[in-house]
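Input: a single structure, listed below in structure tokens.
The values are calculated or read from the model by the stated rules, or taken from the named source; none is laboratory data. Only a predicted model underlies this, so the values are computations on that prediction, with no experimental measurement involved. With ideal geometry, Cβ positions are generated from the backbone for all residues, glycine too; neighbour counts draw on all protein chains shown. Areas reflect the complete protein model, heavy atoms only, side chains present, ligands, DNA and RNA absent. Shrake-Rupley method; radii C 1.70, N 1.55, O 1.52, S 1.80 Å.
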Amino acid sequence: FGGWGVDFHAGAVTRAHADVDVAVWLKDRDKIVALLVDGGWRHAPEDGEDGYTGYERGAVRLELAFVARGDDGEVYTPLSEGRAPWATGAFANDIAELAGVRARVVSLRSLRADKSELRADPIVAAKDRADAATLERIK
């Protein structure tokens, strides 16, 4: 998801990226952490994390967002106090390709919804505006 999700849908790298955002099932957290640590990744949490965490290896930052599925089938990120819902259909079966790499990505519809939200941080807001413009060009 995030900026790389936009680029996968666009089929091209459209801007510089500071990290890679990946949504993973909360139930797989321990397995994923073990794989990352075995692969040389270092846990690098940020202040105030809730529902996600970061890892770094060299100059690469990986942001893991944890997701679960509710009794109603909807996907959400568990928070310390409640849930952060993902857009309906975010985790459909969208597969996209970028530079010869095929990956499962969040749906185009959910990316459009996410990138249209107003952000307080001016840097994040600028990235979202650029991503939203890219998404508008995708049919």
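So for the stretch 122-138 (the condition being loosely packed, with under 13 Cβ neighbours inside 10 Å, in contact (Cβ under 8 Å) with a residue 40 or more places away in the chain and not hydroxyl-bearing (Ser, Thr, Tyr)), does at least one residue qualify?
The answer is yes; a qualifying residue exists.
Let me spell it out: the conditions are (1) open to solvent by less than 70 Å² (accessible area, probe 1.4 Å); (2) modelled with pLDDT of 95 or more; (3) hydroxyl-bearing (Ser, Thr, Tyr), and Ser110 meets all of them except one. Which number is the exception?
(2)
Could you list all residues from the stretch 42-89 that are open to solvent by 50 Å² or more (accessible area, probe 1.4 Å), in contact with a strand residue (DSSP E or B) (Cβ under 8 Å, 6 or more places away or on another chain) and among the hydrophobic types (A, V, I, L, M, F, W, C)?
Across the stretch 42-89, the qualifying residues are Val60, Trp86.
Can you tell me which residues in the stretch 114-131 are part of a helix (DSSP H, G or I) and under 21 Å from Ala65 (Cα atoms)?
Taking the stretch 114-131 and keeping what is part of a helix (DSSP H, G or I), we get 114-115, 122-131.
Across the stretch 114-131, the qualifying residues are Asp114, Lys115, Ile123, Val124, Ala125, Lys127, Asp128, Asp131.
For the stretch 1-113, which strands (runs of 3 or more DSSP E) that fit wholly inside it have 3 or more residues that are β-branched (Val, Ile, Thr)?
Details: elements: 20-25, 52-57, 60-69, 75-79, 82-85, 95-98, 101-104.
In the stretch 1-113, 20-25 are the strands (runs of 3 or more DSSP E) which contain 3 or more residues that are β-branched (Val, Ile, Thr).
Can you confirm whether the stretch 48-55 contains a residue that is farther than 24 Å from Glu117 by Cα and under 14 Å from the mean Cα position of the chain (by Cα)? Reasoning before the result, please.
So in the stretch 48-55, the residues farther than 24 Å from Glu117 by Cα come out as 55.
Narrowing the set further to residues that are under 14 Å from the mean Cα position of the chain (by Cα) leaves 55.
Checked against the condition, which is being farther than 24 Å from Glu117 by Cα and under 14 Å from the mean Cα position of the chain (by Cα), the stretch 48-55 yields at least one hit.
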